[in-house]
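Visitor: Okay, here's the structure, questions in a sec.
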Amino acid sequence: MAKRPKTIITCAITGAIHTPTMSDALPYTAQDIASQAIAAAEAGAAILHLHARRPTDGGVSINPQDFAAFLPQVKQATGAVVNISTGGSLKNTIEERIAPALAFSPEMCSLNMGSMNFSFHPLAKRYDTWKFDWEKDYVENSDTYIFRNTFRDIANVANTLAPHAIKFEHECYDVGHLYNLRFCMDIGLFKAPIFIQFIFGILGGIGPEVDNLIFMKRTADRLFGDDYRWSVLGAGGAQMGLATTASQMGGNVRVGLEDSLQIARGQLATSNAQQVAKIRRIVEDLGCDIATPDEARDMLGLKGADKTAF
Ligand code: KMH
Ligand code: ZN
């Protein structure tokens, strides 16, 4: 039997979907983001996908200063690849969203491959009381939000960040996003090997069924051949199941509290590291090895941690 490729575990530490009300484990101070990121790397995450939050009230922040409060500590304590989000919050422009990546020139950053509905308003019904003033409105009104990632926006990100040689985590929430990505490659915006994050289960994107994973993978094979590496993110309760399936198909996996607050059905995770440890155990029990950060750098063709600006 052919040797199986190693599995890269990405951990997404905190994000824009969930709020501090929803789980005490979700980090929002710089210190908590740093210590959870470090623990996730120690548990086996080769890549850390990082957002920042306002330390005062946990709101999503695209202020580079809020990233500066944890990036050096994470770099010093781990060899993990740092991947900075360009997703921002519901209200940011694309220029605001890329400011942190521009300021810190990480090895990787996210790049969302199409405009779409991106809603988590059904979550609002589950909570009566909220820790911070902004949370209820933010979650409830996410049904009015268009997550804007036009072709012009994508080209702006690619061209603005091109001098930094940052590898993109191309976030594809539906099959059309794969075709958007192919078009962008054809006009020379991205070089192989590209790294695609197949995303399932966001309200506005493709659903979290295994059939859809196979369809996305088959479509990507046709569009990109050997020019791509791939990973799977299942939102909410789909996280561990789809990650397990992806790893068995030869793909890489993304876990983390950004995408799911759970460790098992109906049970909140206590930390990002707990989710990393769980998927690591599953991947290893099923006969695969996980990739170290340097192996991930090799597999994805990254520039190296010494070429970042933090
Ligand atoms: N939490 C993911 C579903 C980004 O950071 O650019 C969306 C995300 C977007 O990761
Ligand atoms: Zn993110």
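Values in this text are rule-based calculations from the coordinates and carry no lab data. Keep in mind the model is a prediction, meaning the values are calculated, not measured. Cβ atoms come from the backbone with ideal geometry, glycine included; neighbour counts cover every protein chain shown.
Visitor: Based on Cα coordinates alone, diagonalise the gyration tensor for the stretch 201-241, multiply each eigenvalue by 5, take square roots, and list the semi-axes in whole Å, largest first.
Guide: After diagonalising the Cα gyration tensor, the semi-axes are 21, 11, 9 Å.
Visitor: Quick one: check the C-alpha center-to-center distance for the stretch 199-259 versus the stretch 293-310, whole angstrom.
Guide: Distance between centres, Cα-based: 23 Å.
Visitor: So what are the ³J(HN,Hα) numbers for the stretch 142-150, from phi and the Karplus equation (6.51, -1.76, 1.60; θ = phi - 60°), rounded to whole Hz, Gly and Pro as x?
Guide: 5, 7, 9, 9, 9, 7, 8, 8, 6
Visitor: Please compute the Cα-Cα pair-distance distribution of the stretch 1-72 with 10 Å bins starting at 0, giving whole percents from short to long.
Guide: With a bin width of 10 Å, the distribution comes to 20, 48, 21, 7, 4, 0.
Visitor: Using θ = phi - 60° and the Karplus form 6.51 cos²θ - 1.76 cosθ + 1.60, what ³J(HN,Hα) does each residue of the stretch 75-83 get, whole Hz, x for Gly and Pro?
Guide: After applying 6.51 cos²θ - 1.76 cosθ + 1.60, I find 5, 5, 8, 9, x, 5, 6, 9, 10 Hz.
Visitor: Do the alpha carbons of any pairs in LYS75/LYS191; LYS191/LYS278; LYS3/LYS307; LYS6/LYS75 sit beyond 28 Å of each other, and which pairs?
Guide: As for pairs spanning more than 28 Å Cα to Cα, those are LYS191/LYS278; LYS3/LYS307.
Visitor: Under unit Cβ charges (Lys, Arg +1; Asp, Glu -1), what dipole magnitude, rounded to 20 debye, does the chain have relative to its Cα centre?
Guide: Dipole magnitude for the chain comes out near 420 debye.
Visitor: Another question about this same structure. Rounded, prolate or oblate, given the Cα gyration tensor of the chain, with a/c below 1.5 counting as rounded?
Guide: The shape class here is rounded.
Visitor: As a test of the formula, what do you get for the chain when each DSSP H run with n ≥ 4 contributes -39,500 (n - 2.57) and the sum is divided by the residue count, at 222 nm and rounded to the nearest 500 deg cm²/dmol?
Guide: Helix-only estimate at 222 nm: -11000 deg cm²/dmol.
Visitor: Also: If you take the square roots of the eigenvalues of the alpha-carbon gyration tensor of the stretch 204-310 and sort them as a ≥ b ≥ c, do you get rounded (a/c under 1.5), prolate (a/b over b/c) or oblate?
Guide: oblate
Visitor: Dividing the Cα convex hull volume of the stretch 244-294 by residue count, how many Å³ per residue is that?
Guide: 89 Å³
Visitor: Between ASN63 and GLN31, what is the label-point separation in nm under the 7 Å Cα-to-beta-carbon projection?
Guide: Using points 7 Å along Cα→Cβ, the separation is 1.8 nm.
Visitor: At 10 °C and 1.306 mPa s, what whole-number value in µm²/s does Stokes-Einstein give for the translational diffusion of the stretch 1-149, with Rh from the Kirkwood sum over Cα pairs?
Guide: After rounding, the answer is 98 µm²/s.
Visitor: What residues from the stretch 189-228 fall in the zone where the backbone N is under 15 Å from a label point 7 Å along the Cα-to-C-beta line of PHE151?
Guide: 189-190
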